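Take a look at the structure below.
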Amino acid sequence: MSGTAAAAGGKAARRWGLPLAGIALLILYPLVLPLLFNANQARYWTLSIGSQSLILGIVALSLIFMSGYGGMVSLAQAALAGFAAYMVALMNLLPSTTATGGTIGLGLPSIPSAVIALVLATLAGALVGAIASRSSGIYFLMLTLAIAVGFFYVVLQNYQFLGGHIGFAGIVGPTGQPRQNPIAFYYLCLVVAGLAYVGLRYLVRTQLGLTFQGIRDNPRRMRALGYRVSLHRVAIFAIGGFVAGLSGVLGVWYRGNISPGVVDLSRTIDVLIIAVVGGLGYPIGAFVGAVAFLILDIFASSVTLFGFSFDERFNTLIGLAFVVIVIVAPHGLTGLVDRGWRAARRRFSSVGAPVAAAAADVPVENPMDAIAAPPIDPIDQRDPDSMGISR
Amino acid sequence: MTFTTTKKLVILSAAAAILAAACSSGNATTAPAGSAAAGTAAPAESAAAASCSGHTISLGGLATLEGPFAVPGQDSFRGIEQALNTFATRADKKGWWLGDCEITLTKEGSDATPAVALEKAKKLIEQDNVDILIGPLSGDEGLAIKDYAKTVPDKTFVNGSSAAQDTTFRDPAPNFFRFSTDGAQWQAGLGSYAYKTKNYHNVVTVAEDYSFPYTQVGGFMYEFCAAGGHVIQKNWVPLGTKDYSSVVSNIPTSGVDAIYVALGGSDAINFFTQYAQAGGKAKFIGGSITVDQTVLGTTGAFQDQLVGTITASPTSDTANEPAWNEYVKAYHEQFPDGLPYPGLFALSYYNETVGVLKGLAAVNGDLSNGQQAFMQALAKVAFDGPTGHIALDQNRQAIGPNYVSEIQKGADGKLAAVVISKADNVNQTLGLPADSPYLAQPVSRDFPSCP
C-alpha cells in the first residue's frame, strides 16, 4: 500500500517536476535579475528579453495551436497580432483628426480598448479562416501569406485612419510605461501567456478540441460523421486570431507605438521560425523558441569566433544557428529536450521499478512516421492513458 | 543506445556552447592592429592627447545592416572607424585612446524600421552599457531614437545620418545631438537654382513615402515656392517600389517643366528606366541620394536624359577641396574595399564621431554626474570637417555646408555630378525666419504646398 503511494508520488514528481521548476523559474526571473546585473541590465533582461519572449511566444503559440491541432500552418498570425495592436491604438488614443481629414481615436481606457481589440481580432481571425480554410497545402500558405502582406500594405499606405508609414505612438497599457515599471509589465505578460497556454491545453482535451484533432487527421471521415469541417476550421482560426490578438495587445503596450514595420514580411517569417525552432508539436515550444530566437537575434552581433567578429555579419550567424537547430533537432528544441528527458526517465525507471518501466514504455516515436503522418501532439502521445484518449 | 546518447550529449553541449558564446556580451570591437598606423594624418589636436585616465569610454554604433540601406550601413561604420583612426590613436599602443582611457566601439545593425532600431539601441544602452550611442542611419529610426533618448537622460545620443527634420527641430531631446545636417538642409540652394537659373516653374514630385523624403521635398519647396514656383502634383510611393507605371501615367504630359525625384538606389533606377520607356521627356531634379554613383553608373535608356539634372547634397565627390581630398585619401588607405568615394552616410557618421571626440577631449573624458559636463561641452563643439565648418544650434542641430551640383557628361562619356555652387553655414530653417508660414507645420505628404 505504502509502496504504491510512494510509486505514485514518484511518478507525480517525475511528471510535474519539470513544469513546476519552469513555473518557479518564470515567477522568480525578474526578482533574481537585480542580484546578477546592474539596474539597466536587469530592466533590459526583464523587458527586452523576458517580456518580449512571452509576447513573441504567445503569437507563436497561436501558430502551433493551429498547426498542431488544426493541421493549418497559417502565415497570417503576425498580421492578426498587428491588427489587434492597431485596434488598441484606435480605441485607446484620444480623438484627433489626421492630416488627411480622417477622425481617429475613441479615447477609451486601456482595458476596454484591449477587450474590443481582442473581439475584433477574433472576428478578423474568423474572416481569414473563412477565406483560407477551404484550401490546403501550398495554396493555404499562399493565401494566408497574401492576407498578411496585403494587411501590411494597407496599414503602410492608409493615412486617413491607420497612420500610414509612421503609425501611432503614445499608447499606454494598464501597468503604465513598461520602462518605468518593468516587473509589473513582465508579470502581466506572464499571466496572459500562462492563461493562453493553459486555456489552449484545456481546450484541446474538450470535445471541441478532439473534433479539431479529428478534422486534422481525417477531414473526410469527420465530414462523413456529420461534422461541419469548414465551420470548425473557421473556429480554429478565430481562436488563433484571439491568441495572436493577445500578443498584439501586449506588444503595443510594450512598444508604446505601432507602425507597419511590426507586421512586415520579416515579422511574419519570424513567427514561423520561432514555432519551428521551438518545436511545432509542442505548445510550450512557442516560448522555448521565442527565447532562443531572441537570444540569438540580440547577441549574435556580440559573438566573436576564432577572431572573426560577427558584428556586421550577425545575420549569417543567426541563419547558421537555425539551420543547425533544424538539422539536429527536427522536432525543435523542445523535441530535443523532451526526447532526452524521456530517455533519462526510461533509464531511471528501468533501474528502480522494472514493472512500471514496462508499463510506461511508450513506443519510441519513429521520425518517418512524423513525416508521413499529420503532425500529432507528442505530449498526448507520450502519456495516452492519463488523457483519457484512446488512439 | 550508448552511441545515440553520446551523440545527443555532444549536440546538447554544442548548443550550450553556442548559447554561452552568444551570451558573452561586451565583446566590443577594438581597432585592428593595422589601422593604428593607418591614421597617418592625425592632427595636433588629436583626442589621444587629452589627460584622461582610469576608465574605458564605450561607444555604441548603430547603423542599418539589413534591407535597402545595407550598403550605406557598412559605409557608416567606416565613417565611425575612420574618425577614431584619425583622431584617437596613439603611436605607442594599439586601439583607440582618449589620453589613457581606452575607447571601445560596439556595433549593432538594424533593418531601417523604427521598432528594430529601438530594440538595438536599448541593447546597446541597457545591456552593453555604452556611454554614447552614435546612430541611427534612417529618418524614421532617428525619430524613434530621439523619443527613447528622453527616457535615458544620463546617456548621450549622437545622430548617425538620419535626416528627418523633427528629430531636432520640434520637441527635441536635451541629450540628442546631430552633427550632420537634415534632409531639408541637404536641399539648400536647389529650389532657387531650379527656379531662377533653370527656369523651372511647374514641378511634379515623385518621392518615397516616409519622413526623410518628406523632409527633402520640404527643403526643396521652402526655396522653390518662396521664389514663385508651383508644385502641381506630389506622388508618394512605398520604399522599394518596383512598378512605377501608375505614377508615370499620372504625371501630366504638358505643363510640367521638371520632375523632382527623391528616390534612393534601385527605386531611382526603376523609376528613371520606366519613365524613359514610357517616352517621358521632362527634365529631372534629384534629391540628395537620388543621382549618386549607383544610378549614374547604370547603363540604360535614361542615361542621356539625366544630363542636366540638378541635385543638392552635403557632400560632393568632385569638390576638390584640400580637406575633402585628404579625407578621401585616408578613407581609401584605411578601407581598400570601400566605395569609390565615401558617401554622405560615411561622412555623416564621420562628422558625428569627430564631434564626440572633440567633446570628450574638452572634458578630458569626464562622463561622471550623468554626463552633464560632457553634454554641455558637446553642445559647444564646432570644427572644420572634410566639407566645411560645422557648429550646433540651440537645438543641438548642425549648421553646415551644402552643395548644388549638375549632372554632366565628361570627356570619357561617363556621367558625373559637377559642383555649381556651395553654401556654407546652412541652418535648419534654410534662412527662413522662425515665424515663416513654411515652418508652421511639420513637413509631411501635404505640407508645404504651393500648387
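Which one of these does B:N129 not meet: (1) touching a residue at least 60 places away in the same chain (Cβ under 8 Å); (2) open to solvent by 20 Å² or more (accessible area, probe 1.4 Å); (3) assigned to a helix (DSSP H, G or I)?
(3)
Among the residues of segment A:129-166, which ones are more than 21 Å from the chain's Cα centre (by Cα), closer than 23 Å to A:F242 by Cβ and within 14 Å of another protein chain (Cβ to nearest Cβ)?
A:G150, A:V154, A:V155, A:L162, listed by residue number.
Among what's in segment B:321-344 and is assigned to a loop (DSSP other than H, G, I, E, B) and touching a residue at least 40 places away in the same chain (Cβ under 8 Å), pick the residue that is surrounded by the fewest Cβ atoms within 10 Å (Cβ to Cβ).
It comes out as B:P340.
From B:K409, B:K414, grab the single residue that is over 17 Å from B:G183 (Cα atoms), surrounded by 13 or more Cβ atoms within 10 Å (Cβ to Cβ) and among the charged types (D, E, K, R).
After ruling out the rest, the residue left standing is B:K409.
Taking B:N351, is it closer than 23 Å to B:D75 by Cβ, at pLDDT 95 or above and of a type in the set (S, T, N, Q)?
In short, yes.
Identify the single condition in (1) open to solvent by less than 50 Å² (accessible area, probe 1.4 Å); (2) out of contact with any Ser or Thr (no Cβ under 8 Å at 6 or more places or on another chain); (3) within 14 Å of chain B (Cβ to nearest Cβ); (4) part of a loop (DSSP other than H, G, I, E, B) that A:D311 does not satisfy, given that it satisfies every other one.
Just one mismatch for A:D311, condition (2).
Could you check, for segment B:357-369, whether at least one of its residues is within 24 Å of B:Q187 (Cα to Cα), away from every other protein chain (no Cβ under 14 Å) and either out of contact with any His (no Cβ under 9 Å at 6 or more places or on another chain) or open to solvent by less than 30 Å² (accessible area, probe 1.4 Å) (or both)?
No - not one qualifying residue is present in segment B:357-369.
Suppose we keep only residues that are open to solvent by 20 Å² or more (accessible area, probe 1.4 Å) and not in a loop (DSSP other than H, G, I, E, B) within segment B:428-451. Which one would you say is nearest to B:D182 (Cα to Cα)?
Among those residues, the one meeting the criterion is B:Y438.
Residue-wise test of (1) surrounded by 24 or more Cβ atoms within 10 Å (Cβ to Cβ); (2) at pLDDT 95 or above; (3) within 12 Å of chain A (Cβ to nearest Cβ).
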residue	(1), (2), (3)
B:G61	yes, yes, yes
B:A70	no, no, yes
B:G95	no, no, no
B:A115	no, no, yes
B:L133	yes, yes, no
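Could you tell me how many of the residues in segment A:156-186 are in contact (Cβ under 8 Å) with a residue 40 or more places away in the chain, more than 15 Å from B:W236 (Cβ to Cβ) and not in a loop (DSSP other than H, G, I, E, B)?
Number satisfying all stated conditions: 7.
In this structure, does B:S162 turn out to be under 20 Å from B:G355 (Cβ atoms) and either in a helix (DSSP H, G or I) or assigned by TED's automatic domain parsing to the domain that holds B:D435 (or both)?
So B:S162 fails the test.
State whether the residues of segment B:146-160 include one that is closer than 29 Å to A:L265 by Cβ and crowded, with 24+ Cβ neighbours inside 10 Å.
yes
Against the condition among the aromatic types (F, W, Y), within 14 Å of chain A (Cβ to nearest Cβ) and either over 17 Å from the mean Cα position of the chain (by Cα) or closer than 19 Å to B:L347 by Cβ (or both), how does B:F77 come out, does it pass? First the steps, then the outcome.
Details: among the aromatic types (F, W, Y): yes; within 14 Å of chain A (Cβ to nearest Cβ): yes; either over 17 Å from the mean Cα position of the chain (by Cα) or closer than 19 Å to B:L347 by Cβ (or both): yes.
So B:F77 fits the description; yes.
Which residues, counting only those in segment A:314-340, are open to solvent by less than 20 Å² (accessible area, probe 1.4 Å) and facing chain B (nearest Cβ under 7 Å)?
A:F314, A:A321
Could you count how many residues in segment A:205-215 are closer than 18 Å to A:L231 by Cβ and either of a type in the set (A, V, I, L, M, F, W, C) or part of a loop (DSSP other than H, G, I, E, B) (or both)?
The total comes to 5.
The values are calculated or read from the model by the stated rules, or taken from the named source; none is laboratory data. Keep in mind that what you see is a predicted model, and the values were worked out from it rather than measured. Because the Cβ atoms are built from the backbone with ideal geometry, glycine has one as well, and the counts that use them run over all protein chains shown. For the accessible areas, the whole protein counts, side chains as well, though only heavy atoms, and no ligand, DNA or RNA atoms are used. Shrake-Rupley method; radii C 1.70, N 1.55, O 1.52, S 1.80 Å.
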